[in-house]
Amino acid sequence: MKISQRSVFIIFVFVFLFGTLPGCGKKAESQGPQFGTIPASPKIPVYRFAVHPLHNPAKLVTAYQPLIDYLNSRLQGAQLGLEASRDYADFEKKYSEGKPEVILPNPWQTIQAVKAGYHVIAMAGEPEDFKGIFIVRKDSNLKKPADLKGKAVSYPSPTALAACIMPQYFLYEQGININSEIENRYVGSQESSIMNAYLGLTAAGATWPPPWRAFQKDFPQEAAELKVIWETDSLINNSVMVRDDIPEQVAEQIRELLLELDETPEGKLILAGMETAHFLPASNADYDVVRQYIDNFELKVRPIVEP
């Protein structure tokens, strides 16, 4: 039986509203979802490739498993297994404990992961694509940012740089005290932030371009009722990092394969599924601009992590 796009959306709304499907709740609460194709040979080391919650776990594996399969078909001396996390806090706990060998964090998480023993080998996507956007219903009465005063705004997580920190700094620059003049709702995922706006649970939902493009493709009927009303300036995009104890030859293989991904039709198809233009060379030093941005944000707006 073919499942219609409408049925998929109804299931999506059900999971959004109630958190999980019947019969799946207890396991989901006890540990985050794990995804990946693990090689059968125990002689080959398998490194976990953990991607921060760009999407909900099911959507993330659909988008990123083709990349893992591509890398595994070309890597020598190692294999990768994709690992998703149920939310930002779950992902951040993993890298802070040094558990995954390879990670794809946002820029704020990148500078935190350096402290935990990781280093940057590439950047995922164009810097210009890393910006916050505000999604509202087309029938919204909002005209200017000040109209949000007294209303609720949804975000994936307080540590989501493009989808929370940058939008909140934008509101600060527009004269809004985000700590007292609006209600901030941290709803767990990019899709949930968009859905809050769609369902009218918040006046606006903050996200960033890749999840919004994916939502438009997956749910065009619902997306047609939404629009981008404001956007922030751009920063630097997400990174790819490896743990410092990973063999240099393995890290270099991964880096080269990522940088060459946009040179073949197969690679371009994989990138399109991730809503990513290409991977670019990058190092720890490229993310110093994020430290400066965060220092300014914490001074003027709020601490990223509550003490």
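The values are calculated or read from the model by the stated rules, or taken from the named source; none is laboratory data. Being a predicted model, the structure only gives us computed values, none of them experimental. Please note: Cβ atoms are built from the backbone with ideal geometry, for glycine as well, and neighbour counts cover all protein chains shown.
Identify, by number, the condition in (1) surrounded by 22 or more Cβ atoms within 10 Å (Cβ to Cβ); (2) touching a Cys at 6+ places or on another chain (Cβ under 9 Å) that Pro158 doesn't meet.
(1)
Look at Arg243 and say whether it is outside the structural domain of Ser154 (by TED's automatic domain parsing), modelled with pLDDT of 95 or more and either in contact with a His (Cβ under 9 Å, 6 or more places away or on another chain) or of a type in the set (Asp, Glu) (or both).
yes
Can you name every residue in segment 202-232 that is assigned to a strand (DSSP E or B), of a type outside the set (Phe, Trp, Tyr) and within 19 Å of Ala152 (Cβ to Cβ)?
Of everything in segment 202-232, those that are assigned to a strand (DSSP E or B), of a type outside the set (Phe, Trp, Tyr) and within 19 Å of Ala152 (Cβ to Cβ) turn out to be Ala204, Gly205, Ala206, Thr207, Leu226, Lys227, Val228, Ile229.
Taking segment 104-138 on its own, how many of its residues are free of Cβ contacts under 8 Å to residues at least 60 places away in the same chain and not basic (Lys, Arg)?
3
Quick check: anything in segment 40-55 part of a helix (DSSP H, G or I), at pLDDT below 95, assigned by TED's automatic domain parsing to the domain that holds Leu271 and under 17 Å from the mean Cα position of the chain (by Cα)? Spell out how you get there, then give the answer.
Just the residues of segment 40-55 that are part of a helix (DSSP H, G or I), to begin with: none.
Taking every residue of segment 40-55 in turn, none turns out to be part of a helix (DSSP H, G or I), at pLDDT below 95, assigned by TED's automatic domain parsing to the domain that holds Leu271 and under 17 Å from the mean Cα position of the chain (by Cα).
Is it true that Ser239 is within 22 Å of Leu161 (Cβ to Cβ), touching a Leu at 6+ places or on another chain (Cβ under 8 Å) and surrounded by 15 or more Cβ atoms within 10 Å (Cβ to Cβ)? Quick ask: steps written out before the conclusion?
Details: within 22 Å of Leu161 (Cβ to Cβ): yes; touching a Leu at 6+ places or on another chain (Cβ under 8 Å): yes; surrounded by 15 or more Cβ atoms within 10 Å (Cβ to Cβ): yes.
Here the answer is yes, as Ser239 does meet what is asked.
Residues that are among the basic types (Lys, Arg) and in the same structural domain as Asp262 (by TED's automatic domain parsing): does segment 101-117 have at least one?
yes
Could you tell me which of the residues Gly81, Gly77 is at positive phi, assigned by TED's automatic domain parsing to the domain that holds Leu259 and at pLDDT 55 or above?
From the options Gly81, Gly77, the qualifying one is Gly77.
Quick check on my filter: what residues within segment 56-66 are touching a Gly at 6+ places or on another chain (Cβ under 7 Å) and either among the hydrophobic types (A, V, I, L, M, F, W, C) or not in a helix (DSSP H, G or I) (or both)?
The one that is touching a Gly at 6+ places or on another chain (Cβ under 7 Å) and either among the hydrophobic types (A, V, I, L, M, F, W, C) or not in a helix (DSSP H, G or I) (or both): Ala63.
Condition check ((1) hydrophobic (A, V, I, L, M, F, W, C); (2) at pLDDT 95 or above; (3) more than 24 Å from Asn196 (Cα to Cα)) across all residues:
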| position | (1), (2), (3) |
| --- | --- |
| Ile103 | yes, yes, yes |
| Ala113 | yes, yes, yes |
| Tyr118 | no, yes, yes |
| Ala124 | yes, yes, yes |
| Glu128 | no, yes, yes |
| Phe134 | yes, yes, no |
| Ser140 | no, yes, no |
| Lys144 | no, yes, no |
| Ser154 | no, yes, no |
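Being buried (at least 21 other Cβ atoms within 10 Å of the Cβ) and either on the phi > 0 side of the Ramachandran plot or of a type outside the set (A, V, I, L, M, F, W, C) (or both) is the filter here; which residues of segment 136-155 pass it?
If the condition is that a residue be buried (at least 21 other Cβ atoms within 10 Å of the Cβ) and either on the phi > 0 side of the Ramachandran plot or of a type outside the set (A, V, I, L, M, F, W, C) (or both), then Ser154, Tyr155 are the ones that fit.
Output the residues belonging to segment 259-283 that are in a helix (DSSP H, G or I) and among the charged types (D, E, K, R).
Across segment 259-283, the qualifying residues are Asp262, Glu263, Glu266, Lys268.
Identify the single condition in (1) surrounded by 21 or more Cβ atoms within 10 Å (Cβ to Cβ); (2) at pLDDT 95 or above; (3) in contact with a helix residue (DSSP H, G or I) (Cβ under 6 Å, 6 or more places away or on another chain); (4) not basic (Lys, Arg) that Pro167 does not satisfy, given that it satisfies every other one.
Here Pro167 meets the rest and fails (3).
Any chance you could count how many residues in segment 162-196 are among the charged types (D, E, K, R) and either over 23 Å from Gln216 (Cα atoms) or in contact with a Gly (Cβ under 8 Å, 6 or more places away or on another chain) (or both)?
Total meeting the criteria: 3.
Going through segment 287-307 one residue at a time, which ones are in a helix (DSSP H, G or I) and in contact with a helix residue (DSSP H, G or I) (Cβ under 9 Å, 6 or more places away or on another chain)?
Those that are in a helix (DSSP H, G or I) and in contact with a helix residue (DSSP H, G or I) (Cβ under 9 Å, 6 or more places away or on another chain): Tyr287, Asp288, Val289, Val290, Arg291, Tyr293, Ile294, Asn296, Phe297, Lys300.
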